[in-house]
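What follows draws every value from the coordinates through simple rules; no lab data is involved. Since the model is a prediction, treat every value here as computed from it, not as a measurement. Neighbour counts run over all protein chains shown; Cβ positions are idealised from the backbone, glycine included.
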Amino acid sequence: MSTKPEIKLFNKRLLRQAVQESFVKLNPVLLIKNPVIFIVAIGSVLTTLVVFMDIFNGSFSFFNFQIAVWLWFTVLFANFSEAVAEGRGKAQADNLRKNRTQTQARKMTGKHEVLVFATELRKGDIVLCKAGDIIPSDGEVIEGIASVDESAITGESAPVIRESGGDRSAVTGGTKVISDQIVIRITSDPGSTFIDRMIALVEGAKRQKTPNEIALSILLSGLSIIFLLAVTTLPAFFAYSLSASGLPGSQNLTLPVLFALLVCLIPTTIGGLLSAIGISGMDRLLQRNVIATSGRAIEAAGDVDVLLLDKTGTITLGNRMATDFIPAEGVTPAELADAAQLSSLSDETPEGRSIVILAKEKFNIRGREVHRLNASFIPFTAQSRMSGIDLRTEDGLHQIRKGSAEAIRSFILNNNGFFPQKIQDIVSELARMGATPLVVAKDNKVLGVINLKDIVKGGIKQRFAELRKMGIQTVMITGDNSLTAAAIAAEAGVDDFMAEAKPEDKLRRIREEQANGHLVGMIGDGTNDAPALAQADIGIAMNSGTQAAREAGNMIDLDSNPTKLIEVVEVGKQLLMTRGALTTFSIANDVAKYFAIIPAISASLYVGKSGTGILSALNIMQLGSPQSAILSAVIFNAIIIVLLIPLALRGVRYHPVSANTALTRNLIIFGIGGLIAPFFGIKLIDILINL
Amino acid sequence: MTTQDAILLILFISILAGLTPVVGNYLFMVFTDGKHFMRPVLGWLESVTYKFAGINPKEETNWKTYTSNLLLFNLIGIVFLFVIQLTQAYLPLNPAHLGNTSWHLAFNTAVSFVTNTNWQSYAGETTQSYLVQMLGFTVQNFVSAATGMAVLLAVIRGISRKTTDKIGNFWTDLTRTTIYILLPASVVLAIVLAGQGVIQNFKTYETVQTVEGSLQILPMGPAASQIAIKLLGTNGGGFFNANSAHPFENPTPLSNFLQMLAIFIIPMGLTYTYGKMVGSLRHGRTIFLTMGILFLLGLGISLYSEYSSNPIFGNLPLMEGKETRFGITNSVLFSVVTTNASCGAVNAMHDSLSPISGMIALINMMLGEVIFGGVGAGLYGMIIFIILTVFIAGLMVGRTPEYLGKKIEAFEVKMAIVAVLAPSLVILLFSAWASVSPVGLAGLNNPGPHGLSEILYAYSSAAGNNGSAFAGLNANTIFYNLTTGIGMLIGRFGIIVPVLAIAGNMAQKRVTPLSSGTFRTDNWLFASLLTAVILIVGGLTFFPALSLGPVVEHLLMNSGLTF
């Protein structure tokens, strides 16, 4: 993970901005987008009017005034939650913007180099970037190789290599060339570059409601209509009851009281926090250095139930490592190790280096300088499929080679040696276990076998087990043969694997899974991954990848870390859980509010000998007075929004468990908790009011 | 409560639980056009019907055609009933020489029988001729029940099929349900009931001398045939005004017991059928459990309140308005069963129930008649609540909500909200109107909170398509006939149309396979969740109104005041 400057959940500057924004958001055009809060706003305006009319009539009611104030607070608190969430995004956008300075670019026109402003560059222009230049816009390297500092967007300070051709050809505007020079073809017009889009996304400027958010909004509006119905019909039932109790109709419920009841009942908690939850989902992804191109993608991430994972880099460490020396008959392990080390001294591949390291660890054979040994290095070629050294000693020239069993067999046979059956057996056995055996030979004699193994990443097996508990299948994709693939699949604990997979196999697999109703997530980087990335429900492109891959995916991982896919799924799930939890909490809260308000408003009805209304039997919280009861409910309703902002921004705590366990947990906390909490909250506020 | 009462309850519950899979399996065979024992007996009737009506039973339609066929069929039913009531004086089979009914009564009654409500603003024996009762009401008793099951069947297809827009053929569903389910069952039940003493004749009313020596006119008529279907089809419209409290409709404790069984049996069986058709018997059982919990909850509270001491009358349970032949337990059980199942047949006057048992009857209807509910209607109403529950709670497992592999999205939520809103709208708006307008208040027999309960009951009964009355309300006025009539229409079709829309939309979706990450809908957790959502959504909507009606009444009764 990179070390991006963490933006604290609440910092003073952000809060001050958010408070200002809360008032700006009182604009009815903005408010109407959130029907639940809009209803509260209407209530606030009308209640305020009543207060003014009271003053005008000389009958100022402090109670009505307080209700009006708290209704306004309810709206402001809801606005505030959204503003805080947006503010965090804006702060991140500002960080990004700093890097998008007015750079100049060396535009190539024919053979000439012209200095232009970055903003003048269009798609298809060719520019040259030398060491020290800031890359003016997004593009693809068409010539050369350079190391590039991408810390501006990834926060990662170690430079990365960008080169023409292959899978590392994309460069991002705002990053800096550190060494060498590259020629770049610009791939986006100003305003639509990667950083521009990123800024727009984190600022929430282009934020659209996601499908689930729309469905939830409909539910919340529906519930609001039901409660609107319950509250607007109440005065009629009240009028009936007044006349039955022998009271004048003028004692009917007042507008402020009706709005107090309505606002308490409609789901203001989730209504107020809904957009904050959505924005913070994006934000949490960004904390993990992943950018989603839409909120819809994050939602889909929660639904993904099949993950296609590349073996290399995700499941295993990038490269194979030597783990054992298995000598042939009549050879000591030390002899074999010595030869193996000699053959690998100049082998700069990770496999070669791992052999040298293993020799040192096991037999304390130190590194030697090849040229001092009077030896010449024989590099690996596609024809020979071997590497090694030719060593000149007193007794003549010795050829030490290492390579695949077939290559060494023909080498030995050419030198009139013979290839022992036992070695062949060992080789087959190792291959069966998923390893890559390398045979070492000296002249016409086989010395033994080096066991090169894929090293499965630590903890990955447990991770897959967690995924399985969550109902997510993992499929390993590898170019290895099926024997090797099966062995690694078993070791890593994936559910399925695709061996000898070609890019079109990936695409076909995704389509098959989707036809069976699955949602598929994958991560990829190369040009040939682009169709699969586009087809997958969640396609995460690595930032190091090609431009084509980055365009095809619906998320981009700035760290280019293949394990990120799993984290993205977790963020998606957490987002959906938070929404569900707060909805449940909001609805469960209503029960207590009824028990506060109904006895309070009907205190005057059917008054018995005791002098109190018969329905005060429902006042199970023993609230001080009818007025304080109503006020307490309204205050609780407003304050709970503020109290839950941190939860909305952070998301509910996430555990990789089965759906059933997660549901039980969340139900106990937010369902039953939501039922009980307001009884205590309202009572507490009532005590404070009546102090 | 006596041991006998306890045995009665246990017997009632265990017989039903035992019959549920048997009946459910038979319904499954009929619905899926499989082999069943009625096919050889009545198969000819089915094919004759298709030939006569020109229906191709294999041709399936999308939800819009299905819905318009259903609406057309019901409209014709309403118009026909309306006309024959207004002309019954000129039509045959009218031995008591009853005159034509008023237009508003005809409208109300026509709507009432077509919507499977069977709200009766009139007394059957003094208002409707045998012709209207048989050709009009009894026919609608069959087809309105069959309509309910057809809707359910279409919904099941919508949920269990994938990527298609066809949800069945309304005419085929209607025909099969009527011929293979309702017809044979009511013939059997009618014969059994007649054996118990329910009358079945076409005689003119008889005048007899009572023990005290005065003369009494005894209404006669073909009661047994109509009563069987009134129960099996959860219609509830009695032949006589006193409904199942009338000795000619419900003569013995055994007939009473059978009648209660008959109300519940098809709705219960359907839960099993549903489970089997959507491929999860466990889910069917979970729905059964949820309904069972709500039933027992209501029954328990009702019984407790009827048997607990009434401070005004000492410790005696109240017998006013109840048949001494049946006693308290049978009357309360009947009241809970009939309001659960959207039946509306009564064997006691609900007006005379204790405030709390009256409230339970009210709540049963206000919750949308989903506790077993009307045939078909109860279950599709329950599916609406299931969709809401899945949507609210499903998110908490970290996936976008899905039900039986189908995603619940904006469209389903919107339609579910419409379906929940429609009956609530009727109950609250009309009750509010009636409780403040002179025309509404004119119908009240009782003052105080009890009057409010009467109003609430009338509209809950209409909106829930229940049809039972609180009996204190004089409903045969233009105001009540029109408002309850409109209420019944909204309560019926305001749910059927959105439900069919959901079916049509769900049929087009693909199915996500089950995994451990799927929100489970087939366990205790879901049953309790569903129960909670039904109670909370229903409760929150009606709590203010209920607290000013039956709750106040109960509290006042405890302080020594009655109405």
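General remarks:
- Backbone HN-Hα couplings from phi across segment B:95-109 [Karplus 6.51/-1.76/1.60, Hz, Gly and Pro as x]: x, 8, 6, 6, x, 5, 7, 6, 4, 6, 5, 4, 4, 4, 5
- For segment A:316-454, the average shadow cast by the Cα convex hull is 8.2 nm², which is a quarter of the hull's surface.
- Bridging of residue A:130 to aspartates and glutamates at a Cα separation below 20 Å is possible for A:113, A:120, A:138, A:140, A:143, A:149, A:150, A:163, A:180, once same-chain residues fewer than 8 apart are set aside.
- The value obtained for segment B:49-113, namely the Cα convex hull volume divided by the number of residues, is 113 Å³ per residue.
- Percentage of interatomic Cα-Cα distances in segment B:27-263 larger than 33 Å: 23
- Backbone HN-Hα couplings from phi across segment B:504-513 [Karplus 6.51/-1.76/1.60, Hz, Gly and Pro as x]: x, 6, 5, 4, 7, 7, 8, 9, 7, x
- Residue order, fewest to most beta carbons within 10 Å, for A:150, A:567: A:567, A:150
- Listed by chain and number, the aspartates and glutamates placed with their C-alpha closer than 14 angstrom to that of residue A:209 are A:82, A:299, B:409; residues fewer than eight positions away on the same chain are left out.
- The Kirkwood hydrodynamic radius of the protein assembly as shown, based on inverse pair distances between different Cα atoms, is 35.3 Å.
- Projected area, mean over directions - segment B:185-269, Cα convex hull, nm²: 5.8
- In chain A, the ratio of gyration radius to Kirkwood radius, Rg to Rh, stands at 1.14 when only Cα atoms are counted.
- Using the Cβ of residue A:422 as centre and a radius below 15 Å, the other residues enclosed give a net charge of -1, where K and R count +1 and D and E count -1.
- Taking amide H as placed 1.01 Å from N in the peptide plane, the amide H of residue B:200 sits under 5 Å from that of B:223, B:224, each at least 5 places away or on another chain.
- Overall dimensions of chain B, expressed as equivalent-ellipsoid semi-axes from the Cα gyration tensor (√(5λ), whole Å, largest first), are 35, 29, 23.
- Highest average packing first - B:194-200, A:112-118, B:144-150, A:540-546, Cβ atoms within 10 Å: B:144-150, A:540-546, B:194-200, A:112-118
- Among the listed pairs A:502/A:573; A:123/A:176; A:502/B:407; A:362/A:453, a Cα-Cα separation exceeding 26 Å is found for A:502/A:573; A:502/B:407.
- The sum of -39500 (n - 2.57) across all DSSP H runs of n ≥ 4, divided by the residue count of chain A, sets its helix-only mean residue ellipticity at 222 nm to -16500 deg cm²/dmol.
- For segment B:4-161, the alpha-carbon radius of gyration amounts to 1.30 times the rule-of-thumb value 2.2 N^0.38 Å expected for a compact globular protein.
- For segment B:442-449, Karplus couplings with θ = phi - 60° (6.51, -1.76, 1.60), whole Hz, Gly/Pro x: 4, x, 7, 9, 10, x, x, x
- Distance (nanometres) between label positions extended 7 Å along Cα→Cβ at residue B:216 and residue B:493: 4.3
- Lys pairs under 21 Å by Cα in segment B:27-263, provided they are eight or more residues apart or on distinct chains: 5
- In degrees, nearest ten, helix A:421-432 long axis to first principal axis of chain A (Cα): 10
- Tail weight of P(r) past 30 Å, computed on alpha-carbon pairs of segment A:28-186, percent: 48
- For segment B:345-481, the alpha-carbon radius of gyration amounts to 1.24 times the rule-of-thumb value 2.2 N^0.38 Å expected for a compact globular protein.
- Rounded to 10°, Cα long-axis angle of helix A:503-515 versus longest principal axis of chain A: 30
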